Amino acid sequence: MNELERTLEMLFKSGGYVDMRTRMDLLWGTMMMLRSQDRLNATFPDLFTVDAIGESQLRDSFGNKGNVPMLLLRLRQGKTNKEDKAQYGVVFRHKRLELCSVSGMAFYFFYRYHLSSQPWPDFDEIPDSDNDSPGWYKLRVFAKEEDGFEAITYTSHKNVCNNAFRRADCQILTGTHVCRREGCKLADALEIDDSSMRRLGRWDHSRMTQHYSSGIPRRGARELAGHGADEGHYFLIRESVEPSEELQRQIFPNLEYSEHLDLQKPPKDRDISLQGFFVVLRWFRTVILQDAVFLRQRYPDADIWNHHPFNSPDFARFSAELLHEAENGRNPHAVRVEQTVPLIANRIHEQTTQVTSVLRTNANMITAKLDEIHQKLEPLDEVHQFCTAMTINGLHLRVADAPSTQVASNSTASQLPPSQSAQLPSSSESAIPEYDMCIESVKTVERLWEEYDKGISRSIGAPRGPAIRMLDQQYSGRWRVGETKRKQYQRRRFVWEAVMQASENLQMSPVVIAQKMDRYMENKKISSLNKLNDMLKDVSGNKIDPLWGVNDIELRNIV
C-alpha cells in the first residue's frame, strides 16, 4: 500500500484532468476491487447512493443511531458477470482522507466540470433507441478529456496507470489489475473475513448471493473504509460542520437549473436514474468542501486551491469553522475518550488484548486435556456398545455342537407347547429394536452427540437407550421405519455429521467440537437444533457458504 499511497499523493499534487481521473481510478479499483473493464464501462446512470441504516455513532433526537450514505456503482456485464446480474461496487467515506474513494470521485467531477474543457451535461436530452444522438445515459465516468461520451481504451488505461506508477518511483505496482490485488491485501491486513471479502470482490457465486441477496457488501465496505466490523461506529471529524447552502451552490452551479428542468416534466416522464444522480452530485458538493479543508493543509501547494470557490471568503470562513470544530467540538463518547484520554484508551486496549490471550491459552489447554481424556475413554466404547446390545436384544449364547447338548436342546424344545416353541428367538437373527429419538428433551449439540454416540437415559436412574450410531451400523435404516421416525432422523442427521467432519478436520474430540457448536449457536442466536440442521443441510447442498470457513477452521477460535 505504500507505493499506492505515494502515487495517489503525487497525482493530487500534480493536478490536471488525467491525473485526477487516474487518482479516482486507482481509489475505486482498490476500494471496490474493480477490474479494468468494470471501471471503463461505468456510465453516469450507474452511480447512486443508498443510506446504511444505523451506521453512525451520532444519535437523533429519539436516541436512534443515524444513517450514513454509501456510494454504489452498478456493474455491467463483464468477465465476472456474464449474465448481467445485479452486482455493485460499494464504498463509504474512508476514515483516512487520502484513501477516500468518494472524495476521489467528487474532486474528479469538480475538475471535470469546473477546470477542464468539458461543458455541463444536457440532462434534458432523453436517450432514444431510434436516434443515434447521445443522451446523458451515455456519458462515461472514465471519459476522455475532449469527449465525455467516449471511454478510454484498455491500452490507454494501462499506459496511463503505468505512467503514474513510474512517476511515483514504484517498483512493484504495474498494470490495471493491481488495484484489485491491493484491495485484497488491504482487506487481509484489516483481517476482513473471507465471506465479506468474496462479496466485496464479487467472487461469491453461491445461489443465495446470485438469486436472493441484495448484492450490497455493506459489512466488507464498512471494514475496508476503516469503520470496524460492527455497525454503529461510523464517525468522521471532517463531517462536523455542514457547509452553507450558499457555499454549496458554488460547486456545480448549474445543478439547480438541471433539477428545475426535470421537475417541469410530467411525473411519468421524470427519470428516476437522473434524480438519483442529482442526489450524488449534491452529496459531492458537501464532500468536496469538507475534504478540501483538510487536503489543503496536507497539500498546500496544489494548484486546485487557486480556483474558485477555494480562494473565496465564504470558503475561508467555513474552513476556519470546521477546523475549530474538529479540534474543540463535541464528539461521540467513544471518540472523545480515545482523543482526550489516549493513555486510558491504550491501557484498556492492552488489558483487553492480554485477557483475550490468557483466555485463548486456557481454552487451548482445556481442549488438549479433554482430548487426552477422550482418548483414554475410547476403549470403553466397545464395552458400552456391548452392554447396549444386551439391553435391547438380550443375551444369546452360542453353544458348541455336541451330542449331549443337541439332545438337551431338542428335548427342551419338545417339552414346550407348539406355540411357544415357534416363538423361540433365533441365535442368527435378532428383532429390530423400537427407538424414538429424544427430540423434545435434547436441546444442545453436545447432548445430541451423546445420544448419537453413546445413547442417553430418558430419566434419572434409567438405563441408557441405544446409541443412534450403533443402530445405524447394525440395522441401517430398518430401525426408523415410519414417517415420524424418518423425519426425526433427518432433522438431526446433518448436525452429528458436521460434528464428525469437524472432529476429523481439526483433530479434536467430537465432544469438544459439539461444545464449540453450542457456543456458536448462542453467539449467533440460533434458536434450535432444527435451525442449525437446516443451515448445515444448505451447506451440504452448496446453497450457502460453510458456517465455520474452509475445513471448519473458524471453530478453533470459538472459546
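Readers should treat all values here as calculations from the given coordinates under stated rules, not as data from a laboratory. Source: prediction; values computed, not measured. Using ideal geometry, Cβ is built from the backbone for each residue, glycine included, and neighbour counts are taken over all protein chains shown.
Structure summary
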quantity	calculated
Added length on full extension, which subtracts the Cα-Cα distance from 0.36 nm per residue, L115 to K13	35.2 nm
Residues A368 and A462, FRET efficiency given R0 of 30 Å [Cβ-Cβ distance, rounded to 0.05]	0.35
Pairwise FRET efficiency - T361 versus N254, Cβ, R0 = 51 Å, nearest 0.05	0.20
Burial ordering of V495, V102, fewest other beta-carbon atoms within 10 Å first	V495, V102
DSSP beta bridges in the stretch 2-327 [antiparallel fraction, %, rounded to 5]	95 percent
The stretch 432-559 shape via C-alpha gyration tensor axes, a/c threshold 1.5	prolate
Proximal aspartates and glutamates to K525, defined as alpha-carbon separation beneath 15 angstrom and excluding residues fewer than eight positions away on the same chain	D534
Cα→Cβ-extended label distance, 7 Å offset, between R519 and S312, nm	5.9 nm
Burial ranking of peptide ranges 44-50, 542-548, 485-491 (average Cβ count within 10 Å, highest at the top)	44-50, 542-548, 485-491
Label-point gap, in nm, between N163 and I348 - each point 7 angstrom along Cα→Cβ	5.1 nm
Additional length obtainable on full extension of the chain from E504 to K265, 0.36 nm per residue less Cα span	79.4 nm
Rounded to whole Hz, the Karplus (6.51, -1.76, 1.60) HN-Hα couplings of the stretch 495-502, x for glycine and proline	6, 5, 5, 5, 4, 5, 5, 5
Dipole of the stretch 2-327, positive end: most advanced residue of V141, V160, I304 [Cβ charges, Cα centre]	V160
Gained length - E497 relative to D301, 0.36 nm times residue gap less alpha-carbon distance	64.0 nm
Whichever lysines have a C-alpha closer than 17 Å to that of K487, once near sequence neighbours (fewer than 8 apart) are set aside	K443, K531, K537
The stretch 2-327: Lys pairs at Cα distance under 30 angstrom, eight or more positions apart or on different chains	25
Residue order, fewest to most surrounding Cβ atoms within 10 angstrom, among H308, H157	H308, H157
Calculated SAXS-style log₁₀ I(q)/I(0) at q = 0.07, 0.11 Å⁻¹ - the stretch 2-327, Debye, Cα scatterers	-0.28, -0.72
